[in-house]
1. Which of the residues that make up the range 105-157 are in a loop (DSSP other than H, G, I, E, B), within 24 Å of Thr74 (Cα to Cα) and under 16 Å from the mean Cα position of the chain (by Cα)?
2. Considering the range 98-130 alone, what residues qualify as being among the aromatic types (Phe, Trp, Tyr) and either closer than 14 Å to Asn65 by Cβ or touching a Cys at 6+ places or on another chain (Cβ under 6 Å) (or both)?
3. So if I check each of Arg146, Arg88, which one is out of contact with any Ser or Thr (no Cβ under 9 Å at 6 or more places or on another chain), at pLDDT below 80 and either under 25 Å from Arg19 (Cα atoms) or not acidic (Asp, Glu) (or both)?
Amino acid sequence: MRLSDDAVAAELFAAHYNRLAGWCRRLVDDDQTAGEIAMEAFTRLLGRLRKVEDPVGYLYVIAANLVRDHWRKTKRERDGMRVLQRERPAEAQSGDPELRRLVEGLPERLRTPVLLYYYAGFPVGDIARLTNRPTGTVKSDLFQARAVLRKALEGTR
């Protein structure tokens, strides 16, 4: 017997919401925003539930994109406040030692694998499948991201 979409969605929600929201919480440092991102990821999944091969992976990819959008929005807000308060521009703060800020600044092709591998715990093969990229490319992107982050962290010491 095939479960209804509502039953499948309810099972997925019960099994994965807390972990997804916790993962988002570590990335955005705000419980309410993390919950909203996790809920939005589930909402977007509902519209494609029967079309998605790996719903859990889809949730994390969508959440990673929503986190990126959140970071962009908050960066624009911070930059706007600096202009209003005549503080130094964001470029002058590029040496920020916080790893999350450094990951935020990575190009998307490097940032998504980093978020999925190091923050969500997905194996390289799953990341390759979720992002429609070869496994070797994902490994190379992770290697490049580590090099960029290492160099940035060494520059802050």
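1. Applying the first criterion (in a loop (DSSP other than H, G, I, E, B)) to the range 105-157 yields 105-107, 120-123, 132-134, 156-157.
So of that shortlist, the ones also within 24 Å of Thr74 (Cα to Cα) come out as 105-107, 120, 156.
Residues satisfying the conditions are Gly105, Leu106, Pro107, Ala120.
2. Tyr119
3. Details: Arg146 fails: at pLDDT below 80.
None of the others qualify; the one that does is Arg88.
The values are calculated or read from the model by the stated rules, or taken from the named source; none is laboratory data. If you're wondering where the values come from, they're calculated on a predicted model, not measured in any experiment. In this analysis, Cβ positions are derived from the backbone assuming ideal geometry, glycine residues included, and neighbour counts consider all displayed protein chains.
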